[in-house]
Amino acid sequence: MSDLRPRGTPVVIDGEERRLLFTLNAIDEIQDHFDAPMSDVWDKLTDKRESDKTIRYLICTLLNDEAAREQRNGKELKSYTEEEVGWGITVENVNEIMMALLDAYGLSLPEPDEDDSPKAESGRTKK
């Protein structure tokens, strides 16, 4: 029987592979921190003045959420401060980390029904 627990999106931070997963706990913490829904938090990533702080906070929250989840299973993972996360994100890996964040958030959402997709709509003809 397969393991039904979501695994998250792999990302390498500070030379260690970790997994980003938007759990309900992580989403709740992020929304509380920004006092905004996730859609507004994602908008901050396109604001040049807010994007660095936002990505650093998101990664820190997701890494620490993973550490807390894994601790329940007896596995010790490093918890990070925002400053430590900032040291691990560089010009060389920021795009890779951003793509991992987007992938992790996309994997946390239910798949759209095929019939509701724009492609399905464009293929239909009206009678």
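The values are calculated or read from the model by the stated rules, or taken from the named source; none is laboratory data. No experiment lies behind these values; they were computed from the predicted model shown. So basically every Cβ, Gly included, is an ideal-geometry build from the backbone, and we count neighbours across all protein chains shown. Please note that ligands, DNA and RNA were not included when accessible areas were found on the heavy atoms of the full protein model with its side chains. Shrake-Rupley method; radii C 1.70, N 1.55, O 1.52, S 1.80 Å.
Some observations on this one:
- Residue count for segment 1-46 satisfying the condition of being surrounded by 11 or more Cβ atoms within 10 Å (Cβ to Cβ) and of a type in the set (D, E, K, R): 8.
- Scope segment 8-51; condition closer than 20 Å to Lys78 by Cβ, free of Cβ contacts under 8 Å to residues at least 40 places away in the same chain and more than 12 Å from the chain's Cα centre (by Cα); matching residues: Gly15, Glu17, Glu29
- Beta carbons closer than 7 Å, at least 6 apart along the sequence or on distinct chains, pair a first residue in segment 78-89 that is in contact (Cβ under 8 Å) with a residue 60 or more places away in the chain with a second that is open to solvent by 50 Å² or more (accessible area, probe 1.4 Å) for Val85/Arg56; Gly88/Asp14; Ile89/Arg56.
- Here Asn25 fulfils each of the conditions (1) more than 24 Å from Trp87 (Cβ to Cβ); (2) of a type in the set (S, T, N, Q); (3) in contact with a Leu (Cβ under 7 Å, 6 or more places away or on another chain) apart from (3).
- Qualifying residue in segment 63-85 (condition: over 15 Å from the mean Cα position of the chain (by Cα), of a type in the set (Gly, Ala, Ser), more than 17 Å from Asp14 (Cα to Cα) and open to solvent by less than 60 Å² (accessible area, probe 1.4 Å)): yes
- Residues of segment 86-127 satisfying the condition of being surrounded by fewer than 15 Cβ atoms within 10 Å (Cβ to Cβ), modelled with pLDDT of 90 or more and of a type in the set (A, V, I, L, M): Val91, Val94, Met99, Leu102
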